[in-house]
1. Among the residues of the range 118-145, write down those that are in contact with a His (Cβ under 9 Å, 6 or more places away or on another chain), touching a residue at least 24 places away in the same chain (Cβ under 8 Å) and open to solvent by less than 30 Å² (accessible area, probe 1.4 Å).
2. Just give me the residues in the range 146-161 being more than 24 Å from L59 (Cα to Cα) and surrounded by 17 or more Cβ atoms within 10 Å (Cβ to Cβ), in sequence order.
3. State which residue is surrounded by the most Cβ atoms within 10 Å (Cβ to Cβ) when the search covers only the range 71-99 and only residues that are basic (K, R) and in contact (Cβ under 8 Å) with a residue 12 or more places away in the chain.
4. If you check G129, G185, G138, G152, which single one turns out to be farther than 14 Å from T94 by Cα, of a type in the set (G, A, S) and under 14 Å from the mean Cα position of the chain (by Cα)?
5. When you go through V127, V132 one by one, which is the residue that is at pLDDT 95 or above and closer than 30 Å to E188 by Cα?
6. Does V48 satisfy the condition of being exposed (fewer than 14 other Cβ atoms within 10 Å of the Cβ), β-branched (V, I, T) and modelled with pLDDT of 95 or more?
7. Report yes if L140 is within 30 Å of Y42 (Cα to Cα) and among the aliphatic types (A, V, I, L, M), otherwise no.
8. Scan the range 106-115 and give yes if some residue there is more than 19 Å from W195 (Cβ to Cβ) and either among the hydrophobic types (A, V, I, L, M, F, W, C) or modelled with pLDDT under 95 (or both), otherwise no.
Amino acid sequence: MTDKDTGTDAAVGAGAETGVGPGEGTGADAGRTPASRLDPRYSDETAVAIPWPDAEALLAAAELFWISTVRPDGRPHVTPLPAVWAYGALHFCTGPDERKAKNLAHNPNVVLTTGTNIWDMGYDLAVEGEAVRVSDDGRLRELAAAWETKYGDFWHFEVREGYFHHGPGHAVVYAVAPHTVFGFGKGEPFSQTRWRFV
């Protein structure tokens, strides 16, 4: 998906690049269990916080996420995209000239949201963190395989020189290890849970 937009032209390079190898931690995956809290203000009396592994499984299974970034002038930008949960982080890719890539060059803070568009059924998740570029070809090859396994042949990527390549274009890959995750249970019972990693 593309989201080209006119605006400040900036080079992609938000956050620190990561060359971590496969299996190495990038934040939430280093065997840490986040502190969780059910917020009674927004939860039914019978509600309980779902365990983090259950929330993690929902992130891994979700096919579509909405990413929120901030333009250099402070205006928000939101667009849908696919993402892969691996190494304790959500991973997404974008063309270097797309609006979200330009935004990340100025501000790496993002929110990735997934769930359902039904108000009283399902479970919604909002992942807050910083987008960190992944440039290690070994890690990118593993992520490319994960993309194709999850989404099929349409999302086949070649990897070279720190980028995903698809047809004539190339894409930057980012990892977002959660700082905080909010979970919203909808229906019977309603609940709001926060998992904090930092």
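1. Step one: of the range 118-145, the residues in contact with a His (Cβ under 9 Å, 6 or more places away or on another chain) are 127-130, 134, 143-144.
Subsequent filtering for residues that are touching a residue at least 24 places away in the same chain (Cβ under 8 Å) retains 127-130, 134, 143.
V127, G129, V134, L143 - these are the residues of the range 118-145 that are in contact with a His (Cβ under 9 Å, 6 or more places away or on another chain), touching a residue at least 24 places away in the same chain (Cβ under 8 Å) and open to solvent by less than 30 Å² (accessible area, probe 1.4 Å).
2. If we filter the range 146-161 for residues that are more than 24 Å from L59 (Cα to Cα), which is where we start, we get 158-161.
Within the range 146-161, just V159 meets the criteria.
3. Taking the range 71-99 as the starting set, the residues that turn out to be basic (K, R) are 71, 75, 99.
When the remaining residues are screened for being in contact (Cβ under 8 Å) with a residue 12 or more places away in the chain, the result is 71, 99.
Values: R71: 17, R99: 19.
Among those residues, the one meeting the criterion is R99.
4. Details: G185 fails: under 14 Å from the mean Cα position of the chain (by Cα); G138 fails: under 14 Å from the mean Cα position of the chain (by Cα); G152 fails: under 14 Å from the mean Cα position of the chain (by Cα).
Exactly one residue qualifies, and that residue is G129.
5. On the way: V132 fails: closer than 30 Å to E188 by Cα.
It is V127.
6. On the way: exposed (fewer than 14 other Cβ atoms within 10 Å of the Cβ): yes; β-branched (V, I, T): yes; modelled with pLDDT of 95 or more: no.
Against the criterion (exposed (fewer than 14 other Cβ atoms within 10 Å of the Cβ), β-branched (V, I, T) and modelled with pLDDT of 95 or more), V48 does not qualify.
7. no
8. Applying the first criterion (more than 19 Å from W195 (Cβ to Cβ)) to the range 106-115 yields 106-108.
Restricting the remaining residues to those that are either among the hydrophobic types (A, V, I, L, M, F, W, C) or modelled with pLDDT under 95 (or both) gives none.
So far as the range 106-115 goes, no, none of its residues is more than 19 Å from W195 (Cβ to Cβ) and either among the hydrophobic types (A, V, I, L, M, F, W, C) or modelled with pLDDT under 95 (or both).
The values are calculated or read from the model by the stated rules, or taken from the named source; none is laboratory data. Owing to the predicted nature of the structure, the values given are computational and were not obtained by experimental measurement. For neighbour counting, all protein chains shown are included, and Cβ atoms are generated from backbone atoms with ideal geometry for every residue, glycine included. Surface accessibility is based on the protein's heavy atoms, side chains included, excluding ligands, DNA and RNA. Shrake-Rupley method; radii C 1.70, N 1.55, O 1.52, S 1.80 Å.
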